[in-house]
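Engineer: I am attaching a structure below and will ask some questions about it afterwards.
The values are calculated or read from the model by the stated rules, or taken from the named source; none is laboratory data. Please read all numbers here as calculations on a predicted model, not as lab measurements. Remember, those area values only see protein heavy atoms, side chains included, never the ligands or the DNA or RNA. Shrake-Rupley method; radii C 1.70, N 1.55, O 1.52, S 1.80 Å.
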Amino acid sequence: MTTVAPITSIAANIGGDKVSITGLVPEGTNSHTFEPPPSASVVLSEADVVFINGLQLEEPMKGLAEQTAKDGSELIEIGTAVLPESDYIYDFSFPEEDGKPNPHLWTDPTWALKYAEVIRDTFVERDPDNVDYYESNFDAFEAKATALGEALRKDQESIPGPRALLTYHDAYAYFADTYDWTVIGAIQPENFEDPAPQEVADLIDQIRAEDVPTIFGSEVFPSKALEQIADETGVRYEDTLRDDDLPGEPGDTEHSWLGLMRYDYVTMITGLGGHAPTLDALDVDDVAPDSAEYPQ
């Protein structure tokens with residue numbers, strides 16, 4: 001069992017047709033506040049392994065998984081396992097005084113590969129007869145994730161100004177740190193309510209000062225505040241960025257972690273005045289059959 005769709009997709013790429021995978025957090029849902037329905041306890045009680053992001057992203061799901069675990073099952077908090085505490089990022093939506101670090105490692109290909117390593121090692125340990133299969137899938141996934149990062153670095157050089165992100169939800173902190181972008185602000189406060197008027201005014205001043213051409217909203221969370229900022233500054237408002245809602249529908253080629261990240265990177269680069277031919281030409285097909293269940 002898995003939680004958010006990007007983790008489900010990565011697990012499906014490694015596990016292929018040797019593993020039965022069920023996602024539990026519906027796409028288009030706020031994963032930070034999602035409360036699992038009672039039916040999830042039945043599904044979790046059947047799991048051999050439950051992969052969650054950790055870093056305090058899915059605490060209700062974690063609690064339910066611990067309560068309903070069958071003998072011999074394993075709960076793995078992938079993000080918590082791979083990210084040293086010294087590398088925790090605290091920011092606009094995740095202030096340090098609350099003790100919850102930004103959990104969005106998977107928007108950075110280098111960290112997504114760490115996720116894939118944990119998943120591969122788990123499958124190999126539990127199913128050693130298929131070690132060659134899992135290793136082969138991981139190698140193919142690693143090659144595609146590496147190509148994605150290289151294409152990003154190449155295409156982002158076409159951006160004429162600063163690589164600056166103002167987003168609705170701060171899901172790109174680790175990505176920004178790795179690929180030399182700057183997250184200048186996030187509209188969504190830590191309580192997931194609308195920002196205060198003074199916070200909006202401060203961001204308007206910052207956008208004018210830094211001459212940012214586009215601000216990025218979320219297709220899942222429409223933001224009146226971002227619309228107001230766009231109207232008052234005259235910048236473009238791009239409202240289709242996504243962090244854990246995969247493009248298309250289950251079964252579509254783009255409906256994958258690879259497709260998700262390619263979409264976001266192209267949207268960011270072109271939104272800031274650049275071009276993304278290398279990313280557009282990238283092959284984002286899954287490396288193994290994806291028969292996972294993605295709740296919608």
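Engineer: Give the average over all directions of the projected area of the C-alpha convex hull of region 1-84, one decimal, in nm².
Structural biologist: Projected over every direction and averaged, the Cα hull of region 1-84 covers 5.6 nm².
Engineer: What do you reckon, how do Trp111, Trp257 stack up by accessible area (1.4 Å probe), largest on top?
Structural biologist: Ranked list, largest accessible area first: Trp111, Trp257.
Engineer: Still on this structure, I have one more. Would you mind calculating the relative contact order of region 1-115 from Cα pairs under 8 angstrom and at least 6 residues apart, reporting the percent as a whole number?
Structural biologist: 23 percent.
Engineer: With every protein chain left in place, what is the accessible area of Glu199 in Å² (1.4 Å probe, nearest 10)?
Structural biologist: So the heavy atoms of Glu199 present about 90 Å² to solvent.
Engineer: Another question, then. Could you let me know the centre-to-centre spacing of region 226-254 and region 1-57, using Cα atoms, in angstrom?
Structural biologist: One Cα centre to the other: 24 Å.
Engineer: Of Arg126, Arg208, Arg120, which has the most accessible area and how do the rest follow, probe 1.4 Å?
Structural biologist: Arg208, Arg126, Arg120
Engineer: Next question. Could you tell me how many cubic angstrom of Cα convex hull volume the chain has per residue?
Structural biologist: Here the figure is 122 Å³ per residue.
Engineer: Tell me, what is the percent relative contact order of the chain, built from C-alpha pairs under 8 Å that lie six or more residues apart?
Structural biologist: Reported as a whole number, the value is 25 percent.
Engineer: Angle between the Cα long axis of helix 131-156 and the longest principal axis of the chain, 0 to 90 degrees, nearest 10?
Structural biologist: Helix 131-156 and the main axis of the chain meet at about 10 degrees.
Engineer: Here's something else I'd like to know. Taking every pair of alpha-carbon atoms in region 130-278, give the share separated by more than 21 Å as a whole percent.
Structural biologist: The answer is 48 percent, as a whole percent.
Engineer: Which value results for Rg/Rh of region 208-296 when Rg is the Cα radius of gyration and Rh the Kirkwood radius based on the inverse mean 1/r?
Structural biologist: Rg divided by Rh gives 1.05.
Engineer: On to the next question. So if I restrict to the alpha-carbon atoms in region 5-139, what is the Rg, and what is Dmax, the biggest pairwise distance, in Å?
Structural biologist: Rg then Dmax for region 5-139, in Å: 15.1, 47.
Engineer: Springs between alpha-carbon pairs under 10 angstrom, Gaussian network model over the chain: which of Glu142, Glu59, Glu125 fluctuates most?
Structural biologist: In this elastic network of the chain, the residue with the biggest mean-square fluctuation among Glu142, Glu59, Glu125 is Glu125.
Engineer: Another question, then. Would you rank Ser291, Ser218 by solvent-accessible area, highest first, keeping every protein chain in place and using a 1.4 Å probe?
Structural biologist: Ser291, Ser218
Engineer: Hey, what's the Cα Rg ratio for region 77-136 versus the globular rule of thumb, 2.2 N^0.38 Å?
Structural biologist: It is 1.42.
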